[in-house]
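K.L.:
Take a look at this one; I'll ask things after.
The values are calculated or read from the model by the stated rules, or taken from the named source; none is laboratory data. Everything quoted here is computed from the prediction, not taken from an experiment. A quick note on method: Cβ atoms are made from the backbone with ideal geometry, for glycine too, and the neighbour counts reach across all protein chains shown.
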Amino acid sequence: MTDTTTARPDYLTAPIVAPGDQTIDAPLTGLEQVIEAAMADPQHWAAFEALLPRVDLYISPEGETAKGLKAGEVGMKTLRPDEQFDLRGVRLDDGRTAAAAFTDPRRLTAVWGADRPIIAINALSVLRLWRDRPVMLNPGAPRVLLFQIDDVANLIAAGEAHAAEQKAAATSRPVGPSSGQVRLASPDRIPETLLARLTQAFGPVGGTGVTAAWLARATWSESEQQGWFLDIRTSRPSDEIRAMVQRVVTGLAFGEETLDVSVAPSGGADGTGIRFV
């Protein structure tokens, strides 16, 4: 881990001046809005813990991990078992190095510049990866959170508990194909919550390398099963895209419907339905 900015470890929230005074004041994501609410009223920390299993954080990889990644572009990462991972960190005043993570890629580039590679990783996975060290969230932002090792352990436990509750309570069917040929059409109603989550995850804010994406209403001919169809165009591996979609829909109630995902190379004919990227 590479050490960079100096911060005060005895503060839960402490300002760190970004190079060139490029600090972004306004909340950029739903997670940041929850953090602001929790700072005003601690009862909202439960909402922060509940969000961790289904949102991504952004880190800047170093060394072997950064090879093959383009500077300034945001990639995604699905972690493999026993995978080693190097990232840029923050040296604290007491000599320790905190893992540095950001709630939005623009916060990372405001601090370290646009010439660094960026990877999006599930927030709970970030905490698990660096559970043996402090984790600093949004260094360089007006609101900086420094989680000590005990805090990280508590967040992991709370996040895992919320993830288990969501899995048990969800009535949605797993992301995956139904049998038979599928007929696609533009939705006659807009699924506002689903569309908002997809846009945040894959749109310009997320910057995940998806070049185009459509959400369509689907009917599978063999069973007349109703559902939704995601047509995603990207150069990213399909398993990473599908894993991210699974996180996006966690907790959404689909009833007896299903969600199918197609991951194809960029280009080709336009998809059917609502284009959200």
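K.L.:
What number of residues in the stretch 141-157 are among the β-branched types (Val, Ile, Thr) and within 17 Å of ALA50 (Cβ to Cβ)? Please lay out each step first, then the result.
P.N.:
We begin by selecting, within the stretch 141-157, every residue among the β-branched types (Val, Ile, Thr); these are 144, 149, 152, 156.
Going one step further and asking which of them are within 17 Å of ALA50 (Cβ to Cβ), we end up with 152, 156.
Result for the stretch 141-157: 2.
K.L.:
Output yes when any residue across the stretch 232-246 is over 22 Å from the mean Cα position of the chain (by Cα) and modelled with pLDDT of 80 or more, and no when none is.
P.N.:
Our first condition is that a residue be over 22 Å from the mean Cα position of the chain (by Cα); within the stretch 232-246, this holds for none.
Scanning the stretch 232-246, I find no residue that is over 22 Å from the mean Cα position of the chain (by Cα) and modelled with pLDDT of 80 or more, so the answer is no.
K.L.:
Let me ask you something else. Which helices (runs of 4 or more DSSP H) sit wholly inside the stretch 46-159 and have at least 1 residues that are at pLDDT 85 or above and assigned by TED's automatic domain parsing to the domain that holds ALA26?
P.N.:
Details: elements: 63-66, 105-112, 123-129.
Where helices (runs of 4 or more DSSP H) fall fully within the stretch 46-159 and carry at least 1 residues being at pLDDT 85 or above and assigned by TED's automatic domain parsing to the domain that holds ALA26, they are 105-112, 123-129.
K.L.:
Is it the case that GLY176 is over 24 Å from GLY30 (Cβ atoms) and modelled with pLDDT under 75? Explain how you work it out, then say what you get.
P.N.:
Working: over 24 Å from GLY30 (Cβ atoms): yes; modelled with pLDDT under 75: yes.
Taking the combined requirement at face value, the residue satisfies it.
K.L.:
Is it fair to say GLY203 is in contact with an Asp or Glu (Cβ under 9 Å, 6 or more places away or on another chain), of a type in the set (Gly, Ala, Ser) and not assigned by TED's automatic domain parsing to the domain that holds ARG116? Give the derivation first.
P.N.:
Details: in contact with an Asp or Glu (Cβ under 9 Å, 6 or more places away or on another chain): no; of a type in the set (Gly, Ala, Ser): yes; not assigned by TED's automatic domain parsing to the domain that holds ARG116: yes.
No.
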